Amino acid sequence: MNLKEEAKREKKKLSQMSWSDRIWYIWEYYKFHILAVLLIIGLFSTIGTILYRKTFTTRLTFAIVNDHSGGASSTEQLKADLHQALGYGPKDVIEFNEGLYAAFDQNSASQYAYATMMKITALAASGSLDIMIADQSAIDHYAQSDAFLDLRQLLPDDLYKELEENGAIYSAPDESGQTIPLAVSLENTNFEEVTGISMDPPYLGVISGSSHTEDVLRTIRYLFQQ
């Protein structure tokens, strides 16, 4: 029996069945064919998604550490504002890693806190992290492992002087014990108002492995011009 005759025979058989019997019959005799088709569709869909994502460029990546707003915060407005202010296109991406909590006291550190620290370490080590916005405890901790760039070397003289005069420069000891300026306080910006993020106050540090320092500088200028 050729394929055409087989198809005609199956069609006639199905026409004589109730809908429930048809469903049972099709599944019982063709489930492996159906699953194979679904797997092929899923495979092509995944490949298509991966190829489409490759057309996007991640321009900035943030880590928000120790936000105490209790889930009431959102970075969507800040992301949209930065996207526009920095002149990014539709396929330029700004990523915010939120919900990160790190405790550095061994007695209070939880499994979640350890997972956060591992994630931050992995992002920084891979060069995939540009900016950390965190409370003082997190800034102090990561300063001791030389995680941040020295702001005297990063910032243009005019911007550094302006931030210093406004009391926004924060210094902490690095791995060698030398106190260096490595973060800026966002206390007198509209950062908390726009995002709802609660820190006392929020500090911004630039990760030493960042490959997007020009965009980082533009971001800092933007935050302090609002």
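The values are calculated or read from the model by the stated rules, or taken from the named source; none is laboratory data. These numbers come from a predicted model, not from an experiment. Methodologically, a virtual Cβ is constructed for each residue, glycine included, from the backbone with ideal geometry; neighbour enumeration extends over all protein chains shown. For the accessible areas, the whole protein counts, side chains as well, though only heavy atoms, and no ligand, DNA or RNA atoms are used. Shrake-Rupley method; radii C 1.70, N 1.55, O 1.52, S 1.80 Å.
Taken over region 146-162, the criterion of being assigned to a helix (DSSP H, G or I) and either among the charged types (D, E, K, R) or surrounded by fewer than 19 Cβ atoms within 10 Å (Cβ to Cβ) (or both) is satisfied by R152, Q153, D157, D158, L159, Y160, K161, E162. Has region 61-78 got any residue that is at pLDDT below 80 and either open to solvent by 70 Å² or more (accessible area, probe 1.4 Å) or in a helix (DSSP H, G or I) (or both)? No.
Could you tell me whether G99 is free of Cβ contacts under 8 Å to residues at least 40 places away in the same chain, open to solvent by 30 Å² or more (accessible area, probe 1.4 Å) and in a loop (DSSP other than H, G, I, E, B)? Here the answer is no, as G99 does not meet what is asked. A count restricted to region 181-196 and to residues that are of a type in the set (A, V, I, L, M) and either part of a helix (DSSP H, G or I) or farther than 17 Å from I131 by Cα (or both) stands at 1.
Given the criteria at pLDDT below 95, polar (S, T, N, Q) and at negative phi, does S171 qualify?
No.
Listed by first and then second residue, the pairs with beta-carbon distance under 7 Å, at least 6 apart or on different chains, first residue in region 197-226 and over 12 Å from I131 (Cβ atoms), second open to solvent by 40 Å² or more (accessible area, probe 1.4 Å) and of a type in the set (K, R), form an empty list.
Taking region 200-226 as the range and being more than 20 Å from E165 (Cα to Cα), among the polar types (S, T, N, Q) and not in a loop (DSSP other than H, G, I, E, B) as the test, only T213 passes. Failed condition for Q111, given (1) closer than 25 Å to A72 by Cβ; (2) surrounded by 17 or more Cβ atoms within 10 Å (Cβ to Cβ), with all others met? Exception for Q111: condition (2).
For Y112, indicate whether it is in contact with a Phe, Trp or Tyr (Cβ under 9 Å, 6 or more places away or on another chain), under 20 Å from A63 (Cβ atoms), without any contact (Cβ under 8 Å) to a residue 60 or more places away in the chain and part of a strand (DSSP E or B). Let's see the steps before the verdict.
Numbers: in contact with a Phe, Trp or Tyr (Cβ under 9 Å, 6 or more places away or on another chain): yes; under 20 Å from A63 (Cβ atoms): yes; without any contact (Cβ under 8 Å) to a residue 60 or more places away in the chain: yes; part of a strand (DSSP E or B): no.
So Y112 fails the test.
Mind checking whether some residue in region 110-128 is at pLDDT 95 or above and of a type in the set (D, E, K, R)? No: region 110-128 contains no residue that is at pLDDT 95 or above and of a type in the set (D, E, K, R). Of the candidates L38, L51, the single residue that is modelled with pLDDT of 80 or more and either open to solvent by 60 Å² or more (accessible area, probe 1.4 Å) or under 18 Å from the mean Cα position of the chain (by Cα) (or both) is L38.
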